[in-house]
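Reviewing the structure listed below.
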Amino acid sequence: MEPEEQIQLIKKNTVEIIQESELLRRITSKGSLRIKLGVDPTTSDIHLGHSIVLSKLRCFQDLGHKVILLIGDFTARVGDPSGRNKTRKPLSIKEIAANARTYREQAFKILAPKKTEVLFNSEWLAKMNFSDVLKLASYYTVARMLERDDFSLRYQKKYPIGLHEFMYPLMQAYDSVAMHADVELGGTDQKFNLLLGRQIQKAYGEPSQIVITMPLLEGIDGSKKMSKSLGNYIGVTEPPYEMYGKVMSIPDELIFKYFRLLTSLSEEEVDSREKESKEGRLHPGKAKEELAERIVSSYHSKSGAKVAKERFEAIFKRKETPTDIPSYILASDEMKEGKIWIVRILQLTGLANSGSEARRLIKQGGVKWDEKIVKDIGWEVSPGESHVLQAGKRKFIRIVRKSQ
């Protein structure tokens, strides 16, 4: 493919390319470029927010470029301070290793495994001596570091900033030196770090990388950036029904942003649907159904999406209780005098991760026992032989009392 045609494909959905003219020049002169994406394995799941930049990485793969997925197993020990108002809690080496394994497996739902080189930045960062670290630190100033929004705000509010946090963007920048990166991808919240990579490469006598920033995706709450810690995420390995249901729950104003960033539809196809919606010819519910089917199909299968849709409609349109729900055997020693607190049973079954989450669900009217809303947080259940417990809109479990 001609370099100019490649640029048009690469530009789709990007926020900024620094510098586009240099990207064109390198593709023309070198042919295959080294494309870097760094991810810190701070959690075990990749969600649809991550898929945006991973899909752009796949675009580079399909164009014949060398794609490198960098697992930040060393930088994860510090934690990226981007967008943080306090110091991240450090992860143990064991936690990082476990997360790194799942990151790689999940990333390959989008990337072509045989065309992806996977590196770990401990390969070079762990080998640096103190002299190497001082040399790296000498290429940037505290004053410039404090210009960064998150550091600036924390400094103004007198929130503590660890010196090791200043090292994070420098370590990420040095990764680009070690990898000889031509291009680095990242979300818009990574722009400071990506630009620093250009400066550090130049300081070490290397050509500065081209920076490509991708948009951030709001979570299913419609307001905050998609994040597992906020509970507003859709994981790429979630079961089809969970994924389908979560997509159906997004606010209407996010429908076409999700279409643009998470599906293979062209801009013209998305524009056409958006126009139909504005003119009242396409109902938001129908648009979400198509969106949910496309997303589930891409991570699972068309048949999986079809089954998920049928189950969703049975529960939400026909108000049916699904038949394929898991069971929880309630033992006698989990009860007291034949009774068990509703909050306790929500925790035991995994429908709530904590007592506070269980209480919140009950207060919000999100808990049902045999299709009746539970209103009393202090209710002590006297279970019979079999019951259906529901938490939220999509989680069901059958409670079976163990026979004596």
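Values quoted throughout were computed directly from the atomic coordinates according to the rules given, and no laboratory measurement underlies them. Predicted, not measured: the structure shown is a model, and the values here were computed from it. Heads up, the Cβs are rebuilt from the backbone with ideal geometry, glycines too, and the neighbour counts pull from every protein chain shown.
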The range 108-153: trypsin sites (Lys or Arg not before Pro) falling in loop per DSSP and having at most 12 other Cβ within 10 Å | K127
Go through Y139, S122, A112 and say which Cα lies farthest out towards the positive end of the charge dipole of the range 112-181; charges sit on Cβ, +1 for Lys and Arg, -1 for Asp and Glu.
-> Y139
Around I295, what is the net charge, scoring Lys/Arg as +1 and Asp/Glu as -1 over all other residues with Cβ under 14 Å from its Cβ?
-> +4
Here the gain from full extension of S229 to A143, 0.36 nm per residue of separation minus their alpha-carbon distance, amounts to 27.8 nm
In degrees between 0 and 90, to the nearest 10, how far off the longest principal axis of the chain does helix 302-316 point, with axes built from Cα atoms?
-> 40
What is the helix-to-structure angle for 191-203, meaning the angle in degrees between its Cα long axis and the longest Cα principal axis of the chain, kept from 0 to 90 and rounded to the nearest 10?
-> 30
How much FRET efficiency would the formula 1/(1 + (r/R0)^6) give for E117 and T237, where r is the Cβ-Cβ distance and R0 is 30 Å, rounded to 0.05?
-> 0.85
So the FRET efficiency between D271 and E385, C-beta based with R0 = 45 Å and rounded to 0.05, is 0.20
Taking the range 240-316 and dividing mean pair separation by its residue count, relative contact order in percent (alpha carbons under 8 Å, at least six apart) = 45
Stretch gain in nm, segment T188-S92, where the contour uses 0.36 nm per residue and the Cα spacing is subtracted | 31.8 nm
Could you calculate the contour length gain from V400 to K127, that is, 0.36 nm times the residue separation minus the distance between their Cα atoms, to one decimal place in nm?
-> 92.7 nm
Remind me, relative contact order of the chain in percent, using alpha carbon pairs under 8 angstrom and six or more residues apart?
-> 14
Beyond 27 Å between alpha-carbons counts as too far, so tell me which of K30/K56; K306/K363; K288/K393; K339/K363 fall in that bin.
-> K306/K363
Label of the coordinate-derived value, P(r) over Cα pairs in 10 Å bins from 0, in percent, listed as (i) 4, 14, 19, 15, 7, 4, 4, 5, 7, 10, 7, 3, 0; (ii) 4, 19, 26, 23, 16, 9, 3, 0; (iii) 4, 22, 31, 25, 13, 4, 0 | (ii)
Determine the calculated [θ] at 222 nm for the chain from helices alone, applying -39500 (n - 2.57) to every DSSP H run no shorter than 4 residues and normalising by the residue count; nearest 500 deg cm²/dmol.
-> -13500 deg cm²/dmol
In nm, the gap between the two label points placed 7 Å beyond Cα toward Cβ at E337 and E253 is 5.3
Evaluated at q = 0.10 Å⁻¹: base-10 log I(q)/I(0), Debye formula over Cα of the range 169-294 | -0.46
Quick one: if you stick a label point 7 Å off each Cα along the C-beta vector at H283 and S44, how many nm between them?
-> 4.0
Taking only C-alpha pairs under 8 Å that are 6+ residues apart, what is the relative contact order of the range 327-401 in percent?
-> 36
Selection of trypsin sites (Lys or Arg not before Pro), the range 265-354, meeting DSSP coil and at most 11 other Cβ within 10 Å = R281, K317, R318, K319
Sorted by Cβ neighbour density within 10 Å, fewest at the top, the residues S55, S272 | S272, S55
